[in-house]
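Since the structure comes first, as structure tokens, the remarks are kept for the end.
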Amino acid sequence: MNNFDTIGRMMADRLCTEPYEKALRQSIHPGSAVLDIGSCAAGHALLACQLGARRVYLIEPGDGIEMARAFARDNGFENRIEFIRAVSTEVALPEPVDVIVSELRGAVPLVDGRLRSLIDARDRFLAPGGVLIPLRDDLRVAVVDAPDLHGRFVDAWDHNPLALDMTTARELVLNAVHWGAVAPDQLLTDAAVWATLDYPSLKEENARGHVTLTVARSGVGHGLAHWFDATLVEGIGFSVGPGQTDHAYGRPFLPWSHPVALAAGDEVHLELRADRIGNDYVWTWRTRVTDQGQSTKAEFEQSTFSSWPLSRRWLRNRRSDHVVELTPTGRADCLILQSMAAGVTLGAIAEDLATRFPTQFETGNRAFARVSELADKYA
């Protein structure tokens, strides 16, 4: 999917765009200074201008910022929006802002380093008494009867046409977070909030919680449907839960190791964690199913950490005492960055690169392409 497709989907997503509009109308006043993070299409920034914002700062590290510039020009707001192509944690603003509006979620609010960006922006840029949009996200989970969804990921390993033992792959798959929609009538329990991300007070990027779900009707549990309910400002928000089909967010599904027959009154005790490690999150879900709160019917411990076929190389490169030996590509990138830091022109860097690393860069054009790629990323 290209940038136009992504931006178009977000702009057409009425489920969240209309609540965001209401929240901005309530929060922005003539003369306000506004920071927009993560709205690569500039929809929030343009609306802020319409509502009388004196100055709008739009921070976006990707190519979408060029489309945002065009939208601002088309709507006559280019002189009121300052476009900053960078990661927000590397930016300094000339003034505090009255409103920070962000759309930094991926399929779920917990994704790569986006919470860190929001926490940093709140602490460094928001004026006392300022408004942070969104205000909070409630993370919800429910047990679902979803044989087709569960089977989509495991059937190929259970019933492969070559009659091979694919147990290892099956275990990897069952420890991964998958994506797929479920209907409201597939829920076997009520939805419980296992964690709340309260953005004005949030201090860390991890989430964890314990919930007990009571089975409302008999069925077969195949795993957990996961979604979030957003509160943008008090009284205004949206949910991306089952039954909400018109939205641009993903629908995470955390499978169980095997289906479990459930009866009304059974209890499902869950411990969920999302821990940021590096640039990603490790999700862990521990499940214990009891017969109406008494004997244990099933018990699972699953984690996306176990969905990775870890190599010795991967583990070695995460040891604090390991001394790294760079690959030829790593040495080439090191040369490029050192030359950039020394003020060498891109063309001269590419020529030097092709001379020193002829195996990796057979032509000057290929060397210049790599130099330009790193310039886009770090300059």
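No value in this document is a laboratory result; all are computed from the given coordinates. Note that this is a predicted model, so its numbers are computed, not measured. Every residue, glycine among them, receives a Cβ derived from its backbone with ideal geometry; neighbour counts consider all protein chains shown.
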How high is the FRET efficiency from C334 to I119, r the C-beta distance, R0 30 Å, rounded to 0.05? 0.45
With both partners inside the stretch 89-212, how many of the DSSP beta bridges are antiparallel, as a percent to the nearest 5? 65
Would you work out if the stretch 3-133 is rounded, prolate or oblate? Take a ≥ b ≥ c from the square roots of the eigenvalues of the alpha-carbon gyration tensor; rounded if a/c is under 1.5, else prolate when a/b is larger than b/c, oblate otherwise. rounded
Calculated SAXS-style log₁₀ I(q)/I(0) at q = 0.27 Å⁻¹ - the stretch 328-378, Debye, Cα scatterers: -1.03
For L224, L162, L353, L202, ascending order of other Cβ atoms within 10 Å (fewest first) is L162, L202, L353, L224
Neighbour counts of other C-beta atoms within 10 Å: give me H178, H258 arranged from fewest to most. H258, H178
Using alpha-carbon positions, the gyration tensor of the chain gives root eigenvalues a ≥ b ≥ c; with a/c under 1.5 called rounded, otherwise prolate if a/b exceeds b/c, else oblate, the class is oblate
If the chain between D112 and T89 were fully stretched, how many nm would it gain, using 0.36 nm times the residue separation less the Cα-Cα distance? 6.9 nm
So what is the calculated 222 nm ellipticity per residue for the chain, using -39500 (n - 2.57) for each DSSP H run with n of 4 or more, over all residues, to the nearest 500 deg cm²/dmol? -9500 deg cm²/dmol
R0 of 56 Å, Cβ-Cβ distance K203-E362: FRET efficiency to nearest 0.05: 0.65
Fewest to most Cβ atoms within 10 Å: W157, W179 sort as W179, W157
Could you list which residues have their amide H under 5 Å from that of L135, counting only those 5 or more apart in sequence or on another chain, with H placed in the peptide plane? T231, L232, V233
First check a/c for the stretch 60-152, with a ≥ b ≥ c the square roots of the eigenvalues of its C-alpha gyration tensor; if it is under 1.5, answer rounded, and if not, answer prolate when a/b is larger than b/c or oblate otherwise. prolate
Rounded to the nearest 5, the percent of antiparallel DSSP beta bridges in the chain equals 75
Nearby aspartates and glutamates by direct alpha-carbon distance to K297 (threshold 17 angstrom, same-chain neighbours under 8 apart not counted): D145, D266, E267, E271
So which lysines pass the test for K22, namely a Cα distance under 28 Å, with those fewer than 8 places away in the same chain ruled out? K203
Starting with the highest mean, order 277-289, 127-139, 338-350, 319-331 by the number of other Cβ atoms within 10 Å, averaged over the residues of each peptide. 127-139, 277-289, 338-350, 319-331
